[in-house]
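A.B. asks: First the structure, then my questions, so here it is.
The values are calculated or read from the model by the stated rules, or taken from the named source; none is laboratory data. The shown structure was predicted, so the numbers you read here are calculated from the model rather than taken from an experiment. Every residue, glycine as well, gets a Cβ built from its backbone with ideal geometry; the counts of neighbours run over all protein chains shown. Please note that ligands, DNA and RNA were not included when accessible areas were found on the heavy atoms of the full protein model with its side chains. Shrake-Rupley method; radii C 1.70, N 1.55, O 1.52, S 1.80 Å.
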Amino acid sequence: MSGLAGPYRKVYVLRIGHRPQRDKRVTTHVALVARAFGANGFVLAGSCSDSVERSLRRVLECWGGEMHYECGVPAKAYVRSWRESGGEVIHLTMYGVPVERVIDEIRASPRPKLVVVGAEKVEWFFYENADYNVAVTSEPHSEIAALAVFLDRLYRGRELLYNPSRPGKRVVPSARGKRVTGGVEC
Ligand code: SAM
C-alpha cells in the first residue's frame, strides 16, 4: 500500500448501515473523502452499490491513487476479523471520547486502522467491539464531516499536501478558474 497510510500499512474505512435507496450519494462521498484524505481502503458493508462503486472507480481512474475496495461484507464479521488479525477499530460516534483527547494515542499505534462510520442507528455491537469510540464534537452531524476531520487529525494535516493523483495529472491551484495539466482525459 502506498500513500499517507504508510506508517500504519492500512487505514481502511468501513461504511455500515448503508441504505441502498437513500444513501448512495452520502456513501459515495464517504468513499471519496476516504481517498482524498489519505485512507487506502474503502469497505461497504451489507449490499453492494453499483452507483457508489462506479463513482469511486471513475475518480480513481480519472484522478489516480490506489485504493482497496470491497463491498457486500458482513460488518460484524469484518470488525472481528480485523481485530483478530492485529488491527484496531475506531468507531466514529458523537457519544465517544473527544477526538482531541485520544488522537495522539491512536496516531502513536502502528496497528492497521479500521475507521467505522454509520448511517442510521448504529448497533451496540460496534460500540462494544471498537478499540476507540471517537467523537468529532459531541454534536450530531455527518459521517462525511466526521471522517474528514478524523483523518485530518490522524495525519496532522499532511493529507492536504499529499497528491494521490497519477503522475502527470495535476490541478494547478488558481485563484479563479479551473486549470488541470497532464494525465488522461476524463
Ligand atoms: N443516530 C445514529 C447513531 O445512533 O449513532 C447516528 C447517525 S449519523 C447521521 C451517521 C454517522 O455519522 C454516525 O454513525 C457517525 O459515524 C457519524 N457522526 C455523526 N456525528 C458525529 C460526531 N459528532 N462525531 C463522530 N461521528 C459522528
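A.B. asks: Looking at residue 65 and the list (1) more than 16 Å from the ligand (Cβ to nearest atom); (2) in contact with a Lys or Arg (Cβ under 9 Å, 6 or more places away or on another chain); (3) closer than 26 Å to residue 140 by Cα; (4) in a loop (DSSP other than H, G, I, E, B), which single condition is not satisfied?
C.D. replies: Every condition holds for residue 65 apart from (3).
A.B. asks: Look at the stretch 82-101 and say how many of its residues are open to solvent by less than 60 Å² (accessible area, probe 1.4 Å), assigned to a helix (DSSP H, G or I) and more than 10 Å from the ligand (Cβ to nearest atom).
C.D. replies: Qualifying residue count, the stretch 82-101: 1.
A.B. asks: Right, another one. Can you pull out every residue in the stretch 125-140 that is part of a helix (DSSP H, G or I) and either near the ligand (Cβ under 10 Å from one of its atoms) or in contact (Cβ under 8 Å) with a residue 40 or more places away in the chain (or both)?
C.D. replies: The first filter runs over the stretch 125-140 and keeps only residues part of a helix (DSSP H, G or I), leaving 125-129.
Result: 125, 126, 127, 129.
A.B. asks: Oh, and also: Working only within the stretch 98-122, note down all residues that are without any contact (Cβ under 8 Å) to a residue 24 or more places away in the chain and more than 19 Å from residue 10 (Cβ to Cβ).
C.D. replies: Listed by number, the residues that qualify are 101, 104.
A.B. asks: Based on this model, can you work out whether residue 48 counts as surrounded by fewer than 17 Cβ atoms within 10 Å (Cβ to Cβ) and not in a helix (DSSP H, G or I)? Spell out how you get there, then give the answer.
C.D. replies: On the way: surrounded by fewer than 17 Cβ atoms within 10 Å (Cβ to Cβ): yes; not in a helix (DSSP H, G or I): yes.
Criteria met by residue 48.
A.B. asks: What is the one condition in (1) at pLDDT below 95; (2) more than 8 Å from the ligand (Cβ to nearest atom); (3) surrounded by fewer than 16 Cβ atoms within 10 Å (Cβ to Cβ); (4) basic (Lys, Arg) that residue 121 does not satisfy?
C.D. replies: (2)
A.B. asks: From 122, 116, grab the single residue that is in a loop (DSSP other than H, G, I, E, B) and under 26 Å from residue 84 (Cα atoms). Before you say what the answer is, go through the steps one by one.
C.D. replies: Working: 116 fails: in a loop (DSSP other than H, G, I, E, B).
After applying the criteria, what remains is 122.
A.B. asks: Exactly one of these conditions fails for residue 126: (1) more than 16 Å from the chain's Cα centre (by Cα); (2) open to solvent by 30 Å² or more (accessible area, probe 1.4 Å). Give me its number.
C.D. replies: (2) is the only condition that residue 126 fails.
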